[in-house]
Amino acid sequence: MSLSEDFLHSEDLHPIDIVETLAEHHDWDFDRITEDQIAMAVEGQWRTYSITLAWSHQDETLRLICTFEMEPPQERMAEIYEILNRCNDMVWSGAFTYWAEQRLMVWRYGLVLAGGQGAGPEQIDRLIGQAVTAAERFYPAFQLVAWGDHTPEAALQVAMAEAYGRA
C-alpha cells in the first residue's frame, strides 16, 4: 500500500498531520510542538539528525530544517564556509548553512504551496529523505575540512555521488 492510500478519505489535511503520521510510520521519535510545527529525530549512518518541519499559513510554505551539531575550530571557519558554498552548488533542492551561535550545521528547504495547494505524504516523505541524504552525503567532507586539515576541494572527493536508478 502506498503512503497516500492512508490519506485517501481525508480532505484538507494539515501538512504537519501528514508529517506526524509519517513519523509514526517510520517509528521516528517526534514531538508535536504546536499545531503548525513538529520536531523529530531521524537516525542516519553518521549520526542522528534533528528535523523540524513548520507550516506557515502566512506565506503558504512548509519549512524543513535538518540540523546536527558541529563545532569546528575558529581558524577553520573560512574553509567551512567555502565547503558549504561548494556543497550547495552540488545539490538541486535545499541548501546548507552554518549557525555559528548555535554551533549547528543546517540543511534548509521551503516547499511553497501557494494558492491552496497541498503536499502529499510521498512528497513530504521525499522532502525529509532528501534532507537526511544530503546531510549523510556531505557529513564526512565537513569533518575532513573541520578537523582533518583537508582543503574543501580535497574533502569533497569523499562526498558520495548521488545515485540514480535502482540496483
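The values are calculated or read from the model by the stated rules, or taken from the named source; none is laboratory data. None of the values given here were measured: they were computed from a predicted structure. Methodologically, a virtual Cβ is constructed for each residue, glycine included, from the backbone with ideal geometry; neighbour enumeration extends over all protein chains shown. Remember, those area values only see protein heavy atoms, side chains included, never the ligands or the DNA or RNA. Shrake-Rupley method; radii C 1.70, N 1.55, O 1.52, S 1.80 Å.
Listing for the model above:
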read-out	value
Given (1) within 21 Å of ALA159 (Cβ to Cβ); (2) open to solvent by 70 Å² or more (accessible area, probe 1.4 Å); (3) part of a loop (DSSP other than H, G, I, E, B), index of the condition GLU101 fails	(1)
Test: residue in the range 128-140 that is assigned to a loop (DSSP other than H, G, I, E, B) and open to solvent by 20 Å² or more (accessible area, probe 1.4 Å)	no
Subset of the range 77-124 that is of a type in the set (Val, Ile, Thr) and within 13 Å of the chain's Cα centre (by Cα) - its residue that is nearest to ASP17 (Cα to Cα)	ILE124
Hits in the range 52-76 (condition: under 18 Å from the mean Cα position of the chain (by Cα) and in a loop (DSSP other than H, G, I, E, B))	MET70
Condition check for HIS9: outside any loop (DSSP other than H, G, I, E, B), farther than 15 Å from ALA119 by Cβ and at pLDDT below 95	no
Yes/no for VAL145 being more than 29 Å from ILE38 (Cβ to Cβ), open to solvent by less than 50 Å² (accessible area, probe 1.4 Å) and not small (Gly, Ala, Ser)	yes
Matching residues in the range 19-51 - criterion: being free of Cβ contacts under 8 Å to residues at least 24 places away in the same chain, surrounded by 16 or more Cβ atoms within 10 Å (Cβ to Cβ) and in a strand (DSSP E or B)	PHE30, GLN37, ILE38, ALA39, MET40, SER50
Any hit, the range 100-108, residues being of a type in the set (A, V, I, L, M) and out of contact with any helix residue (DSSP H, G or I) (no Cβ under 9 Å at 6 or more places or on another chain)	yes
Pairs where the first residue, in the range 138-153, is free of Cβ contacts under 8 Å to residues at least 12 places away in the same chain and the second is in a helix (DSSP H, G or I) and open to solvent by 10 Å² or more (accessible area, probe 1.4 Å), C-beta under 7 Å, 6+ apart	HIS150/LEU144
All positions within the range 66-93 that are crowded, with 17+ Cβ neighbours inside 10 Å, of a type outside the set (S, T, N, Q) and under 23 Å from GLN37 (Cα atoms)	CYS66, PHE68
